[in-house]
């Protein structure tokens, strides 16, 4: 199976924009992903496969057996080893453990786009001392990605403590009135602290990509 009639991969994106294309796997069949992975292999194009479902993993790895599969982040990276880091540090904060899949997606994206990245987990606003204990790291970072569901308050708190820009990622984590992340999204869009950019709900890839661009050398 070829990619004709399925996808037109942008193999020149890295030379044009500085960063390679990613493949969003949701909604694609295993056969379609196998064809895409085969073309990626044949062309040697660095590629991230995002939002990989369990039933799709084998199709991609059959064509790219050496690729790195990160189950928690639902991401496959080809090649498996990221490039040597350049530019500034990216700090990624997950408000809670339930936010970790999206935070890991953001961290892995930034790492595979060539940035040094540190991931900090479970520093939500229910225990502000946990954020304050990480101030040394946060103030060393060129950009801070903050991933949070529930009330979505953490990005505004962090932005009030650091000089670096903050990329806020609302997640769909929360009880009924969180409306699948809409409450966190609206809270982040209304952040009081300046310097907060907001991506879409659960969009760890978009946050990691933006952070890599902000922290570029």
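Computed from the coordinates by the stated procedures, all read-outs in this text should not be read as laboratory data. Remember, predicted model here, so these are calculated numbers, not experimental data. Neighbour counts run over all protein chains shown; Cβ positions are idealised from the backbone, glycine included.
Roughly how many nanometres apart are two label points built 7 Å out from the Cα toward the Cβ at residue 163 and residue 71?
It is 4.4 nm.
Would the range 1-112 count as rounded, prolate or oblate if I go by the C-alpha gyration tensor, calling it rounded below 1.5 in a/c and otherwise prolate when a/b exceeds b/c, oblate otherwise?
In terms of gyration-tensor shape, oblate.
Percent relative contact order of the chain, based on C-alpha pairs within less than 8 angstrom and at least six residues apart?
Relative contact order here is 16 percent.
Calculated from DSSP H runs of 4 or more alone, at -39500 (n - 2.57) each and per residue, what is the 222 nm mean residue ellipticity of the chain, nearest 500?
Numbers: 9 runs with 78 residues, N = 217.
About -10000 deg cm²/dmol.
Starting from the Cα gyration tensor of the range 81-179, take the square roots of the eigenvalues, sort them a ≥ b ≥ c, and report rounded, prolate or oblate (rounded when a/c is under 1.5, otherwise prolate if a/b is larger than b/c, else oblate).
Oblate.
Which shape class, rounded, prolate or oblate, goes with the range 86-139 when its Cα gyration tensor gives a ≥ b ≥ c as root eigenvalues, a/c under 1.5 marks rounded, and past that a/b bigger than b/c marks prolate?
It is oblate, given that a/c is not under 1.5 and a/b is not larger than b/c.
Find the centroid of the Cα atoms in the range 153-180 and in the range 109-136, then give the distance between the two in whole Å.
12
Hey, what angle do you get for helix 100-112 against the long axis of the chain, alpha-carbon based, 0 to 90 degrees rounded to 10?
Long axis of 100-112 versus the principal axis of the chain: about 60 degrees.
Measure nothing fancy, just the Cα-based angle from helix 204-214's long axis to the longest principal axis of the chain, in degrees from 0 to 90, nearest 10.
In the chain, helix 204-214 runs at an angle near 80 degrees to the longest axis.
Can you give the angle from 0 to 90° between the axis of helix 30-43 and the longest principal axis of the chain, with both taken from C-alpha atoms, to the nearest 10?
Once rounded, one gets 80 degrees.
Between residue 12 and residue 213, what length comes free when the chain is fully extended (0.36 nm per residue of separation minus the Cα-Cα distance, one decimal in nm)? Numbers along the way, then the final one.
On the way: separation 201, 0.36 × 201 = 72.36 nm, distance 1.78 nm.
The residue 12-residue 213 span can extend by a further 70.6 nm.
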